[in-house]
Amino acid sequence: MSTEKIQGTRSDMIVCENVDKWFGDFQALKGITATIAEKEVVVVLGPSGSGKSTWIRCINRLEAHQKGTIIVDGVELTNDLRNIEKIRSEVGMVFQQFNLFPHITVLDNVTLAPKWVRKLPRAAAEERAKELLEMVGIPEQAAKYPGQLSGGQQQRVAIARALAMEPRIMLFDEPTSALDPEMIKEVLDVMRDLALGGMTMMVVTHEMGFAREVADRIFFLESGEIVEVGTPEHFFTNPTEDRTKLFLSQIL
Amino acid sequence: MNEPTMIKVESRPEETSSTPREWIRKNLFSNIPNTILTIVFGAFTIYAIRGVLGFVLSGERRWEAVATNMRLLMAQGYPANQFVRVWFTLGCLMALTGLSLAAWKASGRLPATKISIWIMNTGAGLALFAVLAPISAASKLGWVIAAAIFLLIGLGIWFGLRGENKRPTGSMPTVWFSFGFLAILVLSLWTVPYGHYAFVEGELIAETGRTVAMSTKLPFTVMWLILVGSYLFGVRIREYIPSGRTKAVLVGLWFLSPFILNWIVLRDPDFDYAHIASTDIPLALLFIIGGGVALYILSKPSLGEVGRILAIGLLFFAVFNWIGAFFGWYSMLQKVRISFVLLALAALIAPNFASDRKTRLRFVAGWSALIAISHWLITAVNSPSTLELQGPTYLGGFSLTLFVAVLTLLLSFPLGVLLALGRTSTMPIARVLCTGYIESIRGVPLITILFFFSNILPLFLPEGMEIAELAAIVTGYTLFSAAYLAENVRGGLQSVMREQYEASDAIGLTTSQRTGFIVLPQALRVSIPPLVGQAIGVFKETSLVAIIGAYDILRIANSVVPAQTEFLGVKREGLLLVSVIYFIVAFSMSKYSRRLEERVGLGER
Amino acid sequence: MSETSSPSYHHQKPPFYRDATVVKWLFQLGALALVIFALWFLSSQARDNLAARDISTGFDFLSIDPGINLSEGIDTRPATGGRALWVGMVNTIRLATAGILFATILGLFVGLARLSKNLVVNKLGSVFVETLRNIPLLVQILLYGAILANLGDLQFDSGWDNWVIWSNKGLSVPRVFIADGFYQWVVFMIIGAIAARWAYNRRSRLRDETGQDAYPGFASLGVLGAFAVIGWFIHPIFGWVGNIFGGIEDGISKIPEEALQAVLSILAVVLAVNWIRGFLKSRRTPGGSAHLTDDDKFRIFFAGIGAGLAILVVYVVWPGLSSWIINSSSDLFGVLEDKFGNGRTGGPFGVDRPEVVKPGKFEKYGPSGLTMSLGFAAVFFGVVLYTAAFIAEIVRGGILAVPKGQIEAANSLGMKRSAALRTVILPQALRVIMPPLGNQYLNLTKNTSLAIAVGFSDLVQVGQTVGNQTGKNLSVFAIWMLFYLACSLTISVAVNFFNVRLKIVER
């Protein structure tokens, strides 16, 4: 059987169709249907508890959706172990709390997965890791432990760690929410560079400036539903839905 | 009385830098109730010390019963002409200790303040002893002089090195302080007339007023020299060999040492060289080459699920070999069966090494080493011992205690970790099985488990299969201690954040990689202090083997020595000695664990 | 909502060996099969081996004379194996209860001593803890046994004036016993407790309203004390309580056996169904797809199995269960009728001093005092001192765990030291102390099994003797397990009860 057959057009990186997800009684996602193209940068906005994080976590199957279909890079997310393995190495994820491994050095954090999942030789993995750390601007911290780094530096290491797997898609789950204001910029800069480099990105964030500047499209979620989709221009200047207007009036 | 806890409190007045008088006032006589407490409990303390000293030094005590039977208490009936093996074993451990101290850079330093206070405390303790002990005036004078010498040395250090803030400056490495302390103990063997007691051909020899026998003091001196020499050697080679490699080798040696030292050095197996040449070596080579080739193929990156299915098939085959042997359908050498199990386990982890040629070859090399060592050990264990024994086993006394404790800890650790993982896993059946096992073991006393394994286990074994008493005991201890260990590890596992699991999943680690690289290292670090506590528990509980009939140090002190015609009914002396020995080991371990706990706490920040 | 019309995908089912759920369950079933196989294999081996040795398993030895003598207990020459084990259990429980009581008291004092600012007291506490917990309990028990065995021979003038007597035959202390009027006095005390609670509430309300210190604790203690004293003299007026119990006894004995059987089985089914319904309800999602995890299915399955087992027990395994329940509960009320009945006029308690008698050639302890045999004393001192060392550390840790800020806050509110201790520190400390304390009680209970080393007839020692005598080691092992598991359960239920109470206090 080939997974190629079921994929849509090649440029569709993420396809969600009628995705439902419950936590017990609470329905977190209600019939999410969306398609994200290759090299597209999508920002997901919405009040807290609207299901943004749940959606993004379903896309690399940290949470299993219960109804509907999710297809990532032509691979459907099911219970198939091989598919799960494939998705995990194709999709990089950056968390709100960085979630670095505190007991190993920064370099080991970045090389662990390439060595053991991609089976790169150690030298190659370390070389690549150093390039990535250079890219995110902290090559000199490689030998330190995560606990010795500032929040912004930790988040950049987390980005490097995700990139080390050479993913085709990057998911960002509120990457700047846990950071002090002066560190937000350094992380956003790295993300901006990444977007300019042509990475497919899905970003949950509250940084409106970033959304306006970098996003190709903005999704607005409320109570587990996609309320409005549009380009930043449309979204910030001329939203159609009342709920979007209310949200924007509250945060801008 | 130079108990280290005392020092902590006494070195505390640093902050206030009060005079001794103020200090005494503050800690002992600050107000009326406090004064009453001091007087009442001070009187009680003096009364208690007098009582203990009176008991210990009473003319009715027959300490020579202990002195004479020291070898029995330590090594039971180990043949005297082969005793060099015991010393060799101890020497190896000393060398490993010295090298490890050097490799791990035991760099702690003791401040002169502390040393001086310890020495002065010892002096004060001796003075207290001289005053309270029921001994003759002449010997009292001797003790007073000794006390004065200690106090003078301590004061000398204090005032000789006194710096700006009225306290001594400078420090010395803890390692060298310990070596010096041990040197004093060893020197005392050559100079202090402890007396010489022994059974020589059944006759009691008791010579007071001379130093201990040459067969005691010489080996201990050599041990000290080996310890210090290997430390110096370790410090030297630190410059030439990368420390990571030295540490890896040392850890490997520590793990192997109980097996090699016990089954090969102490047990002295009688190797059948013809059989080894005709069967054992070809068999080992067969597994090294055949298994190596198989593993090289199984770690091919393009193999995918086929490799896993093959590995599981191999595991079924390996397990089925045992079943077949139990039912007598077909049989093969024990060694072959064990090797197949090892091969199947290696095949299961092979996909993790599916990478370039170099990694795969390293994996195969590891396999070869595993087979070589395990085959050698199995051959050694299965060869009969050449020792002529008086007792049922070649181990007894304190060495049996140590052996059971070390082996139990080594074996129960992996089992406990597995149980903890099972109990915290998301698989209901595995969880129910592990929880059921852990809770039912923890619910019953150890002694009933030991009875089960020494009385009842033989009933469960298939015909023709027997289990040695010692093996039954260690099995029982291991299964018991694993349940407790699992609970400690579980605590650590629960302290690992959920996010760590998610992050590992997100970068694509498999469950086993996640467990091995991310979860367990963090969990075990947190559970080190309770694990050391558990180790102390295991060590103390080894005393229970005395009840089910093994000749450990407690059994010998409690029932063997009191049965000797020379020392009929002399029980309390031996039991006191056993208490002191257990106390020294357990107390130093708990001190160490408390230090570890502080360090772990610091690491958390 | 979707802007691009995405093609409709059909779900692909992966082959079973790649399906995460299937693999997980196959793995578990494989492990379960392996465990069941191992157990089956071992038990079949055991059966063969036992048959070969002409030993039968089973519990028939419980009703056969084991022909053994026990060193002490309620029956030193038990007529049946069951009776012998019962004596052992009573001895174990006696030892464990006394041990827990004294270890708690001693541990509390030593723990407080470790916190004392007085250097001498503090150091004494440290030495006590460090010494005793680092010497194995078994070594301590044997050492205490050896020291006690070297005490002098028993004579008429041994000990302190017939209050405490010690010798190499053991220790004897005054015995407080429950006398004739105890049960009626208990009725008085129950009423007293209710009254005390009322007084407490009233005084607290008074304090809340007026703001003055109304000493509710002292008031309630006073009320309780008054009832205790008055009840000591006039308790016979409660003789009529016995008649109530008599009535209940008659009522119960008239219940037909079949009715109880049916009620029990219906109860089991109703409970299971009720539980499953509640469970399903809690898992239902509004989307309708009640998404049960494998874990949930497992629980439901076990609930069903549990109900089935209960019915099986009631009708097949132990058909006499219901008549046993009827008989024993009517017996119970019969006993209560007797105990609470009229005509019991003595005081609730009595005290007897120990004595030395000389019936034959040698002196021995008379029956009046509370006598501890040598074995009992050795194990008792062992477990008490050993456990007290651990309890002391728990108490100390618990009090130190209360943040310093809490004490400072209490002081800054102008609370008195005693009030701060009672209302701020103790509740918080107890919350930390209780769980490990319960653990220590469990350990103590299990540790009493070391009594076998000094020949005290606890359950393990008796069981070992009975097992060796009859060859029923396996059955004895099962009884040991059941007994100790029951003890563990009892203690953890008790500790949990206190914990729940503490949590209420916290609120």
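Assorted remarks:
- Scoring residue B:470 on the criteria (1) surrounded by fewer than 21 Cβ atoms within 10 Å (Cβ to Cβ); (2) in a helix (DSSP H, G or I); (3) within 13 Å of chain C (Cβ to nearest Cβ) leaves a single failure, condition (3).
- For the residues C:299, C:283, the requirement of being outside the structural domain of residue C:26 (by TED's automatic domain parsing), within 31 Å of the chain's Cα centre (by Cα) and at pLDDT below 80 singles out C:299.
- Among residues of segment C:402-438 being more than 35 Å from the chain's Cα centre (by Cα) and at pLDDT 75 or above, the one that is least open to solvent (accessible area, probe 1.4 Å) is C:410.
- Within segment B:294-325, restricting attention to residues that are in contact (Cβ under 8 Å) with a residue 60 or more places away in the chain and in a helix (DSSP H, G or I), the residue that is surrounded by the most Cβ atoms within 10 Å (Cβ to Cβ) is B:295.
- Pairs are defined by a Cβ separation below 7 Å, a sequence spacing of at least 6 or placement on different chains, a first member in segment B:574-586 that is within 16 Å of residue B:538 (Cβ to Cβ), and a second member that is among the charged types (D, E, K, R) and crowded, with 19+ Cβ neighbours inside 10 Å; the pairs so defined are B:582/B:540; B:586/B:540.
- Qualifying residue in segment B:315-326 (condition: among the hydrophobic types (A, V, I, L, M, F, W, C), at pLDDT 85 or above and under 17 Å from residue B:374 (Cβ atoms)): yes
- Inside segment A:77-105, residues that are open to solvent by less than 10 Å² (accessible area, probe 1.4 Å), within 11 Å of chain C (Cβ to nearest Cβ) and touching a residue at least 12 places away in the same chain (Cβ under 8 Å) make up a count of 1.
- Restricting segment C:130-149 to residues that are of a type in the set (A, V, I, L, M) and at the interface with another protein chain (Cβ under 7 Å from one of its Cβ atoms) leaves a set whose member that is surrounded by the fewest Cβ atoms within 10 Å (Cβ to Cβ) is C:147.
- Residue tally, condition open to solvent by 70 Å² or more (accessible area, probe 1.4 Å) and part of a helix (DSSP H, G or I), over segment B:209-246: 8
- Members of segment C:315-363 found to be assigned to a strand (DSSP E or B) and surrounded by 17 or more Cβ atoms within 10 Å (Cβ to Cβ), listed by number: C:356
- Output for segment C:10-46, where each listed residue is under 15 Å from residue B:326 (Cβ atoms), more than 7 Å from every other protein chain (Cβ to nearest Cβ) and under 35 Å from the mean Cα position of the chain (by Cα): C:38, C:39, C:40, C:43
- Candidates B:504, B:559, B:527, filtered to the one that is surrounded by fewer than 18 Cβ atoms within 10 Å (Cβ to Cβ) and out of contact with any Asp or Glu (no Cβ under 7 Å at 6 or more places or on another chain): B:559
- Cβ-Cβ under 6 Å pairs, at least 6 apart or on other chains, segment C:32-60 side open to solvent by less than 70 Å² (accessible area, probe 1.4 Å), far side assigned to a helix (DSSP H, G or I): C:32/B:429; C:42/B:460; C:45/B:460; C:46/B:459; C:46/B:460; C:49/B:459
- Residues that are in a strand (DSSP E or B) and either away from every other protein chain (no Cβ under 11 Å) or surrounded by 23 or more Cβ atoms within 10 Å (Cβ to Cβ) (or both) within segment A:37-62 comprise A:41, A:42, A:43, A:44, A:45, listed in sequence order.
- Evaluating residue C:98 against the criteria (1) within 14 Å of chain B (Cβ to nearest Cβ); (2) open to solvent by 20 Å² or more (accessible area, probe 1.4 Å); (3) within 30 Å of residue B:559 (Cα to Cα); (4) within 25 Å of the chain's Cα centre (by Cα) leaves one unmet condition, (1).
- Lone unmet requirement of (1) closer than 30 Å to residue B:78 by Cβ; (2) facing another protein chain (nearest Cβ under 8 Å); (3) touching a Gly at 6+ places or on another chain (Cβ under 6 Å) for residue B:449: (2)
- Set side by side, the residues B:144, B:200, B:186 differ, and just one is open to solvent by less than 40 Å² (accessible area, probe 1.4 Å) and among the aliphatic types (A, V, I, L, M), which is B:186.
- Here residue B:213 meets the list (1) in contact with a Leu (Cβ under 9 Å, 6 or more places away or on another chain); (2) under 26 Å from residue B:66 (Cα atoms) almost entirely, failing just condition (1).
- Take the conditions (1) assigned to a loop (DSSP other than H, G, I, E, B); (2) modelled with pLDDT under 85; (3) not aromatic (Phe, Trp, Tyr); residue A:65 misses just one of them, which is (2).
- Residue B:438 β-branched (Val, Ile, Thr) and either open to solvent by less than 10 Å² (accessible area, probe 1.4 Å) or touching a strand residue (DSSP E or B) at 6+ places or on another chain (Cβ under 7 Å) (or both): yes
- Residues within segment B:120-167 that are β-branched (Val, Ile, Thr) and touching a residue at least 60 places away in the same chain (Cβ under 8 Å), tallied: 2
- Residue in segment B:265-275 that is farthest from residue B:396 (Cα to Cα), counting only those that are open to solvent by less than 30 Å² (accessible area, probe 1.4 Å) and part of a helix (DSSP H, G or I): B:265
- Of residues in segment C:469-494 being over 30 Å from residue C:435 (Cα atoms) and either more than 8 Å from chain B (Cβ to nearest Cβ) or at pLDDT 90 or above (or both), the one most open to solvent (accessible area, probe 1.4 Å): C:469
- Of all residues making up segment B:147-172, the number that are farther than 24 Å from residue B:47 by Cα, of a type in the set (Gly, Ala, Ser) and surrounded by 15 or more Cβ atoms within 10 Å (Cβ to Cβ): 2
- Residues located in segment C:150-186, provided they are within 14 Å of chain B (Cβ to nearest Cβ) and open to solvent by less than 70 Å² (accessible area, probe 1.4 Å): C:151, C:152, C:168
- Verdict on residue C:66 being in a loop (DSSP other than H, G, I, E, B), touching a Phe, Trp or Tyr at 6+ places or on another chain (Cβ under 8 Å) and more than 8 Å from chain B (Cβ to nearest Cβ): no
- Boolean, residue B:532 is in the same structural domain as residue B:572 (by TED's automatic domain parsing), free of Cβ contacts under 8 Å to residues at least 40 places away in the same chain and open to solvent by less than 40 Å² (accessible area, probe 1.4 Å): no
- Pairs with Cβ under 6 Å, 6+ apart, first in segment B:93-119 and farther than 19 Å from residue B:406 by Cβ and open to solvent by 30 Å² or more (accessible area, probe 1.4 Å), second of a type outside the set (A, V, I, L, M) and not in a helix (DSSP H, G or I): B:109/B:171; B:109/B:173; B:111/B:171; B:118/B:2
The values are calculated or read from the model by the stated rules, or taken from the named source; none is laboratory data. Keep in mind that what you see is a predicted model, and the values were worked out from it rather than measured. Note: ideal-geometry Cβ built from the backbone for every residue, glycine included; neighbour counts use all protein chains shown. For the accessible areas, the whole protein counts, side chains as well, though only heavy atoms, and no ligand, DNA or RNA atoms are used. Shrake-Rupley method; radii C 1.70, N 1.55, O 1.52, S 1.80 Å.
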